[in-house]
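Step one of this worksheet: look at the structure below.
The values are calculated or read from the model by the stated rules, or taken from the named source; none is laboratory data. As the structure is a computational prediction, the values presented were derived from the model and not from experiment. Heads up, the Cβs are rebuilt from the backbone with ideal geometry, glycines too, and the neighbour counts pull from every protein chain shown.
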Amino acid sequence: MKIAQAILTSAEDSYRRTVAAGSAAVDILAGGLRDGRLSLSPQEQKWLARLERELERLPADPEELIVETEAEYGHLYDRASYGIDARS
């Protein structure tokens, strides 16, 4: 329910809903770890911490993320299939 609630209460665009869902999922996992309801190996705990850091570092504006990642990852996806304007 927490993930669904995060999606429903976040902004109207899919980027912000996706970030909200990811953050809610990490919160659930981290809470289970703190409360002892979830057991993770040390390596899994490192990955969970990394996911949390990376989610926090994402820009609020999806256009900013596109600009930041275009040079390195732009060749890996078809912009038009995601509704992103063609490169100028």
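Taken over segment 38-52, the criterion of being surrounded by 10 or more Cβ atoms within 10 Å (Cβ to Cβ) and either of a type outside the set (S, T, N, Q) or under 19 Å from Ser10 (Cβ atoms) (or both) is satisfied by Leu38, Leu40, Glu44, Lys46, Trp47, Leu48, Ala49, Arg50, Leu51, Glu52. Of the residues Leu40, Leu51, the single one that is in a loop (DSSP other than H, G, I, E, B) and of a type in the set (A, V, I, L, M) is Leu40.
Taken over segment 1-48, the criterion of being under 24 Å from Asp61 (Cβ atoms), touching a residue at least 12 places away in the same chain (Cβ under 8 Å), of a type in the set (D, E, K, R) and out of contact with any Lys or Arg (no Cβ under 9 Å at 6 or more places or on another chain) is satisfied by Asp13, Arg16.
Would you say Ala24 is assigned to a helix (DSSP H, G or I), at pLDDT below 90 and closer than 19 Å to Asp13 by Cβ? So Ala24 fails the test. In this structure, is Ala80 in a helix (DSSP H, G or I), surrounded by 11 or more Cβ atoms within 10 Å (Cβ to Cβ) and aliphatic (A, V, I, L, M)? No, not satisfied.
If you go through segment 59-77 and keep only what is out of contact with any Asp or Glu (no Cβ under 9 Å at 6 or more places or on another chain) and in a loop (DSSP other than H, G, I, E, B), you end up with Ala60, Asp61, Tyr77.
Return the residue satisfying two criteria in turn: it lies in segment 1-37 and is more than 11 Å from the chain's Cα centre (by Cα), among the β-branched types (Val, Ile, Thr) and within 20 Å of Glu54 (Cα to Cα), and of such residues it is surrounded by the fewest Cβ atoms within 10 Å (Cβ to Cβ). In this case the residue turns out to be Ile28.
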